[in-house]
Amino acid sequence: MVQSIYRFILLISILLPFQLKAQQHAIIKGNITDDKQNKISGAHIQIEPIAKYTTSDTNGNYTIKVPSNTNITLKISHISYQNFEAKFQLKSGEIKSYNHILQLKQEQLKEVVVASQESISNKNISIGTKQLELLPVTGSGAVEQIIKTLPGVSSNNELSSQYTVRGGNFDENLVYINDVEIYRPNLVRSGQQEGLSVINPDLVSSIQFSSGGFDAKYGDKLSSVLDVKYKTPTKFEASAEASLLGSSFHFANSSKNSKLSYLAGIRYKTNEYLLNSLDTKGEYKPNYTDVQAMLNYRFSNSLSLHLWASMSRNNYNFKPETRNTSFGTISEALQLKIYFEGKEKDKYETNLQALTLKFHPNSISLYRIIASRYETTEKETFDIMGQYYLSDLFVSQGGNSSESLENIGVGTFIDHARNKLSRNVSTIDLKGDHNIDDLFIQWGVGGKHEEVDDRINEWQYQDSAGYSVPVSNSGVVLAYTRNATNKINSNHITSFGQATYVFQNSKGEFQLTGGLRYHFWDYTNESFFSPRASVDYIPNWEKKVKFRFSSGFYQQTPSYREMLNYNGKINPNVNLQKSIHYVLGQEYFFQAWNRPFKFSSELYYKDLKSLTPYDIENVRIRYYADKKSKGYATGLDLRINGEFVPGTESWASLSIMKTEEDIIGDEFGYLPRPTDERVNFAMFFQDYLPNNPSYKMHLSLFYGGKLPVWTPKKGKNGDSFRMPNYRRIDLGFSKVLVDENTDFKNGLLKHFKSMWISLEVFNVLDINNTISYLWINDVSGNQYAIPNYLTSRKINLKLSAKF
């Protein structure tokens, strides 16, 4: 650790002479927006007659050093906007602020912001925040719903915000909000228990996503990174939304001198309406509340303070009554009926506070101190008894679907749980950015303290036709039990350094990035280094094409969940998961029907050097912490996005993937991993009536391949099969009632910038998608997998407004 800190102190001392030297030149800096004040990222800024280049960042800001006392031409260009030129002659040491508004290359719908602003030099996928207002959302987060439509991303559960990426699981994805890492709940078993995602879409200003091969500045996870930034408001804005699934409200403003700005949002959700479409009938009483606020204060042009606070309360109350599920085939049609007694009561409370101090001493350096605290308490309580009847239906012999031929299984089961988990995470990070000519350097050092206190007490009793399952010589035993009291108290020290060098020659533009991460964990007294690198090449072709190759070493220190054996005890020898990414990709920018499009593809191979095997049931992951495995994931991701309809962005993604693992010592060789989904297709499409653009349509389509399933409680030694494909279409229709061009605003309507009403149809084709299985035994020892279906077709009405 001392050596790591010493290296970064040495790096800072080396950079100081460069900063002093840089101040002897003139500098142009500014902000680039469109005529709606939307920030334009990826605009290409060029200085002539010298070969100086840079691009605007995600907030539209740019800074470029220029020679003094010389006539220069500033050129600004972007694939979606008209080119612009301006001439300057600056004095030595002069800092020129120059903001500019770019005009779209062609006429667009005024109420739509085209989201084709992904920079050709950007490494990650950028998502336009305008799409968050339009997408029909059944799960807990609009941002995650968009992410699920991207290549390499898969989720076969519309009730959950969780997703898997390129063969990984939910725990392998990094999520950041304003550079603060976000954690997912531990005890949640199913999507309907999740509640609201911590990301409030009303507050979001930018979204960046990488499905692999990401830079060293991001943390130590195996699969992906989602980087979300919240707004820094410059004027008043507010919005409100109400639907059958809940409501939300947000507001933001800035002081007259622009030193103080603030934004806040509150959300309430209840998915009782959706859950009533499940096979299990009863009293669903879920409610989820989330409040977030952000305060920004600028002491001077070089110093500012940012406070973010978030509080969420998720309550899931459920009293099941009956369940009636028909499954099987025509030749073997089966029906399960269950009569329940008891109830379930779950409660998840989360608080997060983050304080960021930003220091911008000059135009080429930025320093940030980020301190955060995350606290969560999760309680899971249920006592549910079910009496079931498994019947062979008379369909195969010409009867109707309600006629029963015989009962092939009768029994009772009891599920019991008293689980409580508390987790506290405190972090502090120091980060720096330095832009020196064509070299961009980033570094950081930080520490994290984590405390976990977990009490596990759950069991299941099964009785089939009077016989308890299983039966031992000593008498009746429980079919399943977990009982443990675990406490974890550990510290992490991390640091990273990376540099990006951009240069041009006669062949085109090159962007080289190399970085190194360091991580020390005192729980095992282990430390490791993770080198990562990427090369981006944009040739000087008439057609805009970018090629990219990235590779890196990715290691994941075990989360608390990964440390647990199947019985709930902490494994004394925890496993550090390791993976090497190899990613080769290309992006092709082209025009079709006089509109911009982009086709991208990535071929990847993940060499999974060390893994911890696990099972997935719905969204709950159960690790086999006492076992280790090795494996691989390989595949191809394809995506095309652009203006299929003028003025709107749509896209389609196709992923082909295979992932397997070999558990050491089991003698079974390579087996499919639980996320081995060979084919995945997703599409987001927008349209409107040509003669009346205020009528719009938004469609989300998902197709997921068959996932492997193993017999429960036998691990990978049991039999396996694959569940059916996941198929779903969500459709939304909206009508703009008021916008900025409405002439008849009067009374209350004059206070609205815009207002629209939406009709959403979830699961248009009413397909029974399977998420997991309920396993039933009969007295003969036969085991039946009863599918647990997801939500059926439902209609939602939503009213949205902006002030």
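The values are calculated or read from the model by the stated rules, or taken from the named source; none is laboratory data. What you see is a predicted model; the values in this text were computed from it and never measured. Glycine gets a Cβ as well: all are built from the backbone with ideal geometry, and neighbour counts include every protein chain shown.
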Being closer than 30 Å to GLY514 by Cα and at pLDDT 90 or above narrows it down to one residue among ASP437, ASP429; which is it? ASP429
Filtering segment 534-586 down to residues that are acidic (Asp, Glu) and either surrounded by fewer than 21 Cβ atoms within 10 Å (Cβ to Cβ) or not in a strand (DSSP E or B) (or both) yields GLU542, GLU562
Looking at segment 39-54, is at least one residue outside the structural domain of ASN435 (by TED's automatic domain parsing), at pLDDT 75 or above and more than 21 Å from PHE503 (Cβ to Cβ)? yes
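Output the number of residues of segment 144-161 satisfying the condition of being under 13 Å from LEU196 (Cβ atoms) and either among the basic types (Lys, Arg) or surrounded by 24 or more Cβ atoms within 10 Å (Cβ to Cβ) (or both).
First, pick out the residues of segment 144-161 that are under 13 Å from LEU196 (Cβ atoms): 144-145, 159-161.
Filter once more, keeping what is either among the basic types (Lys, Arg) or surrounded by 24 or more Cβ atoms within 10 Å (Cβ to Cβ) (or both): 145, 160-161.
Matching residues across segment 144-161 total 3.
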Could you check GLN192 against (1) buried (at least 24 other Cβ atoms within 10 Å of the Cβ); (2) assigned to a strand (DSSP E or B); (3) of a type outside the set (Lys, Arg) and say which number it fails? (2)
ILE757 versus (1) modelled with pLDDT of 90 or more; (2) farther than 26 Å from ASP687 by Cα; (3) of a type in the set (A, V, I, L, M, F, W, C): which is the lone unmet condition? (2)
Go through the residues of segment 462-482 one by one and say whether even a single one is among the charged types (D, E, K, R), at pLDDT below 90 and surrounded by fewer than 17 Cβ atoms within 10 Å (Cβ to Cβ). no
List pairs: first residue in segment 574-593 and farther than 18 Å from ASN540 by Cβ, second residue part of a strand (DSSP E or B) and of a type in the set (Lys, Arg) anywhere in the structure, Cβ distance under 6 angstrom, at least six positions apart or on different chains. LYS578/LYS609; SER579/LYS606; HIS581/LYS606; GLY585/ARG548
For residues in segment 616-662 being of a type in the set (S, T, N, Q) and at pLDDT 90 or above, which is surrounded by the fewest Cβ atoms within 10 Å (Cβ to Cβ)? THR634
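Tell me which strands (runs of 3 or more DSSP E) are completely within segment 229-331 and hold 1 or more residues being β-branched (Val, Ile, Thr), or say none if there are none. Working first, answer last.
Working: elements: 237-243, 246-254, 260-269, 280-298, 303-328.
Filter on segment 229-331 gives 260-269, 280-298, 303-328.
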Do we find that VAL619 is under 25 Å from the mean Cα position of the chain (by Cα) and either of a type in the set (Gly, Ala, Ser) or under 18 Å from ASN124 (Cβ atoms) (or both) in this structure? no
